[in-house]
Every structure is written in structure tokens, then in C-alpha cells.
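Laboratory data are not the source of any read-out in this text; all were calculated from the coordinates shown. Values in this document were obtained by computation on a predicted structure and should not be read as measured data. All Cβ positions, glycine included, derive from the backbone under ideal geometry; neighbour counts span all protein chains shown.
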Amino acid sequence: MIKHVSCIFLIVLFFSCNSSEKTEKKVTIVDGAERYDVYQGSEMAILMRGMHAFNLELKKEVQSGTITTEFPEEFLKIHTAEFSEAKSRNKTFDHYSGQFIEAQKLVFAEDSIVPLSERYNTAINLCITCHQTECTGPIPKIKKLLIK
């Protein structure tokens, strides 16, 4: 009996994970008699917000001269995270995201002769350069990550 339940669970899990159907992500908030549909970000948007938050903290560490964190492997999801329905992965994005990952890893390289703040700014400038090609909205927020 337990084998059958486990088998059915695995089949359902497999098909739910492989579903290619995209659903619009909205949350409905009720405030008294008013209903608001609130946009929920795509996997990519959520990942990039996380990257921003991480780099905001990393900026403080770079400015202090000591990094206590490591390269977050979560950033590698940039190669697979789903975009919103209005956007799609393209060669330009793939190019810049690959360069960003390499530059971000170099921030944590202890044996580099390039100054830490310069390596950090290189990674952030790659974000800006990529965003100049398509999704320009976050550029002012990203520019605040730069070390002057």
C-alpha cells in the first residue's frame, strides 16, 4: 500500500515539475471592500532582487576591506531561472550573465592582484551594461551599488 502511494506521489511530482504551462503570478489582497491584484515577480526577478540585496551587503564588506562571505552558488540560477512572460533569454543576456558570474567569482578570489573594490565594481558594471540592453528600470538602483 505504501509503495503504491509513494509511486503515485512521485508520478504526480514528476508531471507537476515538468509542466510547461506558465501561469501569471498574482496575489489578491483584500483591504476592506477593495481587492488588489499584486504582481509576483518571475524567478529571474526574484533572483535579481536577491543578487541586489547580497551585493548591497557585500559592498559594505568590500569597503571595510574584509570579505566574510563566499560566492553564493544560488547566483548560478541566472542561467536557468524563468523570465516573466514579456521577456525571454537571448544571446546578449547569456553573454552578460556569464561575464557577471565570472566577475562576481573574482571578487572572492584571494590571490588576485586587482584591488578588491575594482573587482567588485566590475561585476556591478556588468549588471548595468546588461540592463542597458533591455530592462533599464533597475539601473538607478544598481548604480547605487557601485563604490565611488
If I filter region 67-88 down to residues being out of contact with any helix residue (DSSP H, G or I) (no Cβ under 9 Å at 6 or more places or on another chain) and not in a helix (DSSP H, G or I), which single residue comes out as farthest from K148 (Cα to Cα)?
E85
Suppose we keep only residues that are touching a Ser or Thr at 6+ places or on another chain (Cβ under 7 Å) and not hydroxyl-bearing (S, T, Y) within region 70-115. Which one would you say is farthest from E134 (Cα to Cα)?
L106
Residue identified as under 18 Å from T69 (Cα atoms), part of a helix (DSSP H, G or I) and of a type in the set (A, V, I, L, M) among L106, L145, L126
L106
